[in-house]
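A.B. asks: The structure under discussion is supplied below as structure tokens; questions concerning it will follow.
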Amino acid sequence: MGGSIFLESGNRLIEMKEAKWDAEARLQELLVSYPNLLAGDQMNELEPREWLLVGREFGIPGELDASDRWSLDHLFLDQDSIPTLVEVKRGTDTRIRREVVGQMLDYASNLTNVSAVRIRQKFEASISPDTDAAATIAERFGENIDVEAYWAQLANNIAAGKLRLVFVADEFPPELRRIVEFLNRQMQQTDVFAVEVKQYISPDGANRTLVPRVVGRVETKNPSGTGAGPGPRWNKERFIETVDATYIPMVSDLIRFAVDITGRDVDWGMGRDRGSFTARLVTPHHRYSLFSVYTTGELSINIGWAYEFMTKAAPGLTEDFRRKTNEAFETEFSLNAWERGWPMIPLGRIKENWPEFRSLIENLTERLKQVVRPVTD
């Protein structure tokens, strides 16, 4: 403590002295109004992170469908729909040394108990009733953003464990910096950041300046400093080069099939290490993610991200599709798997049951095309 910065005002300099935060609640409030205090430009210098606040005191249950057990200070999403969990403490709080790390790991490990649908509902409930949620997202991240694809990607990120954990304080002890560095070296899908937000106040208290800075960052993941962040967009050539050679014929068949049933090219993913493509049906009223294929040799059925909409639009459709899928593949995908979204099937099983899979997706697509208007409450 004790540093200074100088504010130029007219023809004089005002010396601003570093000061401790009186209460962490004030810093929490400022993050709501000024999320750029999270220093997203320092987290990823090539593609600075931008933020969409889902909510404060975000509840996280310890089990599926259970009551909330923990309360996270803030939940943000970035422009790639990566959940960003933020916990705020003052540097003078002794809990910042160890307890806050355990809290954050509890939040992160149990975020899979929270569906993308619930996060979307929380965000939409947080904005004023006369504000359009899609327009809010477009205003934040650009008018060309595909809002439905954005929420679908959130579901994929949660399933893959692509998260960002951010500790915020005015000062971090060396012990916590070392923990952040250690976690970043060990965790492949999740990034951990410590952001110091120092405040400097003029002698008369009339002026105050805030300076955020990322500390404890390591460069072992990639040059942009984001292990969970996106990489270059995949394409067919790169996908074929990466996937196991035994799956290549099946992958080619799935791409052709996706184009045939949707009338459009597949959407290629931007995972840094795991390539993917998605068959997406676009109707005049909605967009549906049908299935995704991954370089890991798996296929996910993507009903979960639109589960609530689909059950309202076509009562009985999702349950009928779940039952038929279980019968075709001799599986036992539970209702929770569908509500939360991404039952995974090995490509080898898809090959063994190719006629059944084609029939399932074709029937689903035809029924979805019959939904003639958006569903509202």
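Where a number appears in this text, it was derived from the coordinates with a stated rule and is not lab data. Small disclaimer: the values here were computed from a predicted structure and weren't measured. Neighbour counts are summed over all protein chains in view; Cβ atoms, including those assigned to glycine, are modelled from backbone coordinates with ideal geometry.
A.B. asks: Would you compute, from DSSP H runs of 4+ residues alone, the mean residue ellipticity of the chain at 222 nm, taking -39500 (n - 2.57) per run and dividing by the full residue count, rounded to the nearest 500?
C.D. replies: -11000 deg cm²/dmol
A.B. asks: While we're on this one: Report P(r) for the range 4-215: all Cα-Cα distances, bin width 5 Å, range 0 to the bin holding the largest distance, values in whole percent.
C.D. replies: 1, 6, 14, 18, 19, 16, 11, 7, 4, 2, 1, 0, 0
A.B. asks: So, one more: Sequence gap of 8 or more, or different chains, plus Cα separation below 16 Å: how many lysine pairs satisfy both in the chain?
C.D. replies: Going through the chain pair by pair, I get 6.
A.B. asks: Please say if the range 1-67 is rounded, prolate or oblate, where rounded means a/c under 1.5 for a ≥ b ≥ c the square roots of the C-alpha gyration tensor eigenvalues, and otherwise the choice is prolate for a/b larger than b/c and oblate otherwise?
C.D. replies: prolate
A.B. asks: Looking at the range 4-215 only, what percent of DSSP beta bridges run antiparallel? Nearest 5 please.
C.D. replies: Antiparallel: roughly 70 percent of the beta bridges in the range 4-215.
A.B. asks: Could you grab the Rg to Rh ratio for the chain? Cα atoms only, Kirkwood for Rh.
C.D. replies: 1.02
A.B. asks: Using unit Cβ charges (K, R positive; D, E negative) and no other charged atoms, how large, in debye to the nearest 20, is the dipole of the chain about its Cα centre?
C.D. replies: 340 debye
A.B. asks: Report relative contact order for the chain in percent, whole number only (criteria: Cα-Cα under 8 Å, sequence separation at least 6).
C.D. replies: 13 percent
A.B. asks: Could you go through the range 138-153 in sequence order and give the Karplus-derived ³J(HN,Hα) for each residue, using 6.51 cos²θ - 1.76 cosθ + 1.60 with θ = phi - 60°, rounded to whole Hz, and x for Gly and Pro?
C.D. replies: 5, 5, 7, 10, x, 5, 8, 5, 8, 5, 5, 5, 4, 5, 5, 5
A.B. asks: Per-residue counts of other Cβ atoms within 10 Å, averaged by peptide: what ranking do you get for 323-330, 262-269, 294-301, highest first?
C.D. replies: 294-301, 262-269, 323-330
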